[in-house]
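**Q** Take this structure, written in structure tokens, and hold onto it; I'll ask about it next.
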Amino acid sequence: MTAAIRRYFTPAILLLSLVIPLLTTAQQQGTGTVTGIILNPAGNPAVAVTVAIPALNKGAVTNDDGHFLLSGVPAGNHQLRVSGVGVKQEERKINIRSGKTTVADFALQPMTGELLEIAVTEKKNRYKSDIPSSSLRLNEPLKEIPQNVQIVTSRVLADQQILSMADGVQKLVSGATRVEHWADLYTRVNTRGSRASAFRNGVNVTSSWGPLSEDMSMTDHIEFVKGPAGFMMSNGEPAGIYNVVTKKPTGTGFNGEASFTMGSFDLYRASLDLDGKLEKTGKLLYRLNVMGQQKNSFRPNEYNNRYLLAPVITYKINDQTTLTAEYTYQHVKMSDPGSAYSFSTAGYGVLPRDFTLVSSGLTPTNIDDHSAFVNLQHQISSQWKLTAQVAYFDYAQRGANIWPDAVHPDGTIRRGMGSWDARSQYKFAQAYVNGDVQTGIVRHRILGGLDMGTKNFMADFNQYFLLDSVGGEFDPRHPNYGPPNNGYPVWDWNTPLNQRGTNINDQSYTGLYIQDELGFFDNRVRLTLAGRYTYVKQNEGGPTYDAKKFTPRLGLSVSIDKQTAAYALYDQSFIPQTGFLRDSSQIKPQTGNNLELGIKRDWMDSKWSTTLSVYRIIRKGELRSDPNNQPTEKFSVVLGQTKTQGIEFDMKGELLPGLNLLINYAYTDAKIDQATKAIPELKVGDRVPGYATHNANAWLSYKLEKSALKGLGFAGGFSYLKNRDSWTWTGHDDIAGLPDYFRLDGSLFWEKGKMRITANIYNILDKYLYTGTYEDWAKFYSWQTEAGRNLRFNIAYRF
């Protein structure tokens, strides 16, 4: 570890020793700092409030904790102004002393009138967000972070009537694609050439078959961190992560929303969101979300029924300390997850869109997903904050998975079923401090902390049953969805799970990290120096092995002007991997190196923004599915080295009054950089599967704000993928590619007062859309189709 530190940090330290004297002479002498916490009318932290000294043209925006800091303020008397949507503007005279910090806290007062409610609602739900959640640990605006971070707001999710994480969230962010999926069981998002790790409220819940797709009724917003996220988010992929941030009490008084949705394929869904105080002083707050859903499919015998309960309690112990406890329960009763797949030896897309292998009468899959968080936030001082969090996840799934035992040249299929009885338990603990201090001319944003986690998984995949006999195969051209000729399987679920020859995957890890973002020239130039040490132990049914590694992080962000920042980043990643190799050898963690350059800009008084980034990622030791897997096998192979490089562009926000826009584009090129003996067919220069070279998405929403039709709105958008690959290695370049993908969606909505009515139409052109791969071990194609033209209608009422 010492050698690694010297290797990466010595050049940076030498650079600082040369630069700091120059900065010292360049800075104005006799400056100080002003900091403070801004509270909203309910006595809670005021987020995204502007704090400025107009005479000096200096300003800042409060973070999630209501905290602000202005550094490099000339000594003397100044007028400090605080302003925000829906609150009265406040001004105060302050005296700045050279080398000292002045504290200026504000408690804002509300404006009156109906205009306040409308303005606050629009501000909260717009397409653009400037500040990440506290669970990302970075106490600064997105524009100043030396990395591509995109936030999908609740308003975008509502406009498109997205129901779960598996329902198309990925198209809202550049370069993200959803690959192989088990119905709505879990969501796998790929970006920058590999899987994006799944996080919830800042903890890594990624597993081989999970997590269960989060329902949007529990979701406040979703944060996509592009590129390396291992340092700040504990063992994240070098490609990036997505972080689902759940709803919390707002402390703004009693608020609520009741929503009802109905749509094609017998979709009926109701949800209720309540947000308020449990007692008058506002020390004890609550948030409660409940949801129930019944949903069938365009495929016969396929359904996904679920309900959710998500209570949250926040207790303000005092002005400095807040304790939040939340619990989420998701129950799912769904058809066999394999129902979404189609199979043929003749090629992709040769069967009807509504084809399925699933017969009526098969045992459903039942899932019970529990999660709990306890989060403590303590403002040690105006400059230091402590956050501690523990989390517990308990997931139980009992069902089966249907898959072909054989696909014959004449198209007939002999269907097999494997038991899918699984249980996972995750435990996490995190503690970290954020500091924002001034030493002379240098501002320090300091982050340091400890991550600990254990993941225990066991499953019974070993029971197997043939539904069809030889000579009595299932015929896709004339499907019989009645009882199979071999009858229905009977599973042994009485014997304890740990006694059934289970598949085991246990992991524990500890991570220590520290970061200092040094700000120069009134924080216009920001240099990030960081390092992380990770230790991991893993057991996959055999001997336990461990691994450890130090990974550095170097970043530079420069504010070209008030609206524009450019950045550069170098980062390394270290990710434990799970799976099984045919030779039973030890699976080593994946390592990665990332280089990234980008520019971020706000436009038209920060109403909309753009981000442009270019990157290169080198991965070593990455696991991929073995192309020779039989139906019940889950073996992996280790690749030699891959290189992914590309360009990403995101644009979002309010272009004109009532006109909101979200556009993104990504060019991705992922190839084998060093070949592996595990797949002899692969050679240097071959494409890595699971992505599209060109990925473009757009969504435009316009609401009439004047005339007799005030409140009426129109929205529409498309998704386009060109030069895309199958989701796994095929070993055959001539059949690896998939046709281009184009989907057009639209929406019509009406808002008046507290009511909103929305009608969405999906796949307007009724195109046959699918993703898939070639199963080389058995010489057949498998693919998953999307629904044709379909509708959703929603009515929501706020109170």
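**Q** Net charge within 12 Å of R92 by Cβ-Cβ distance, Lys/Arg positive one each and Asp/Glu negative one each, not counting R92 itself?
**A** Cβ neighbours under 12 Å give a net charge of -1.
**Q** Quickly work out the D105-to-S381 label distance, labels modelled 7 Å from Cα along the C-beta direction, and quote it in nm with one decimal.
**A** Each label point is offset 7 Å from its Cα along the Cβ direction, giving 1.5 nm.
**Q** Roughly what angle does helix 114-125 make with the longest principal axis of the chain, taking Cα atoms, 0 to 90 degrees, to the nearest 10?
**A** In the chain, helix 114-125 runs at an angle near 60 degrees to the longest axis.
**Q** Oh, and also: Residue by residue through region 527-541, what is 3J(HN,Hα) from phi via Karplus (6.51 cos²θ - 1.76 cosθ + 1.60, θ = phi - 60°)? Round to whole Hz and write x for glycine and proline.
**A** Here the 3J(HN,Hα) series is 10, 9, 10, 8, x, 9, 10, 10, 10, 9, 10, 9, 9, 10, x Hz.
**Q** Roughly how far apart, in whole Å, are the Cα centres of region 475-502 and region 234-310?
**A** Region 475-502 and region 234-310 have Cα centres separated by 33 Å.
**Q** Also, I was wondering about something else. When Lys and Arg each count +1 and Asp and Glu each count -1, what net charge do the other residues less than 10 Å away from F574, Cβ to Cβ, add up to?
**A** Local charge sum for F574: +3.
**Q** Further question on the same structure: Would you kindly derive the ³J(HN,Hα) couplings of region 437-443 from the backbone phi angles with the Karplus curve 6.51 cos²θ - 1.76 cosθ + 1.60 (θ = phi - 60°), listing them in order in whole Hz, with x for Gly and Pro?
**A** Those phi angles translate into 10, 10, 10, x, 8, 10, 8 Hz.
**Q** Against the longest principal axis of the chain, how steep is helix 2-26, in degrees 0 to 90 to the nearest 10, with axes from Cα atoms?
**A** 30
**Q** Still on this structure: Which one is right for this structure if semi-axes √(5λ) of the Cα gyration tensor in Å is calculated from it: (i) 114, 27, 21; (ii) 45, 31, 24; (iii) 45, 36, 24?
**A** From the options (i) 114, 27, 21; (ii) 45, 31, 24; (iii) 45, 36, 24, the structure gives (ii).
**Q** How many angstrom lie between the C-alpha centres of region 739-799 and region 158-184?
**A** Result: 10 Å between the Cα centres.
**Q** Please give the FRET efficiency for V290 paired with T345, using the beta carbon to beta carbon distance and R0 = 45 Å, rounded to the nearest 0.05.
**A** Efficiency computed from Cβ-Cβ geometry: 0.45.
**Q** Rounding to the nearest 20 debye, state how big the charge dipole of region 255-796 is about its Cα centre with +1 on each Lys and Arg Cβ and -1 on each Asp and Glu Cβ.
**A** 1380
**Q** Enumerate the calculated ³J(HN,Hα) couplings along region 66-82 in order (Karplus 6.51 cos²θ - 1.76 cosθ + 1.60, θ = phi - 60°), each rounded to whole Hz, writing x wherever the residue is Gly or Pro.
**A** x, 8, 9, 8, 10, 10, x, 8, x, 4, x, 8, 9, 9, 9, 10, 10
**Q** Still on this structure, I have one more. Could you tally the net charge around G453, taking each other residue with its Cβ under 12 Å from the Cβ of G453, Lys/Arg +1 and Asp/Glu -1?
**A** With Lys, Arg at +1 and Asp, Glu at -1, the neighbours total +1.
**Q** Near the amide H of R789, under 5 Å away, which other amide H atoms are found, from residues 5 or more places off or on another chain, if H is placed in the peptide plane?
**A** HN-HN under 5 Å from R789: D766.
**Q** So, one more: If R₀ is 51 angstrom, what is the calculated FRET efficiency for the pair I317 and R97, using the beta carbon separation as r and rounding to 0.05?
**A** 0.95
**Q** Any chance you could run the full-extension gain for L597 through L272? It's 0.36 nm times the residue separation minus the Cα-Cα distance, nm to one decimal.
**A** Contour length minus the Cα-Cα distance gives 112.7 nm.
**Q** Also: If you bin every alpha carbon distance in region 659-799 into 5 Å steps from zero, what whole percent lands in each bin?
**A** In order of increasing distance, the bins hold 2, 8, 14, 15, 14, 11, 9, 8, 7, 5, 4, 2, 1, 0 percent.
**Q** How far, in nm, would the chain grow between K562 and Y464 when pulled straight, counting 0.36 nm per residue and subtracting the alpha carbon separation?
**A** Roughly 29.0 nm would be gained on extension.
**Q** Here's a follow-up. Treat each spin label as a single point 7 Å out from the Cα along the C-beta direction, and report the K427 to T439 distance in nm.
**A** 3.8
**Q** Any idea how far the Cα center of region 53-93 sits from the one of region 545-573, in Å?
**A** Cα centroid to Cα centroid, the span is 29 Å.
Rule-based calculations on the coordinates, nothing more; no lab input. These numbers come from a predicted model, not from an experiment. Please note: Cβ atoms are built from the backbone with ideal geometry, for glycine as well, and neighbour counts cover all protein chains shown.
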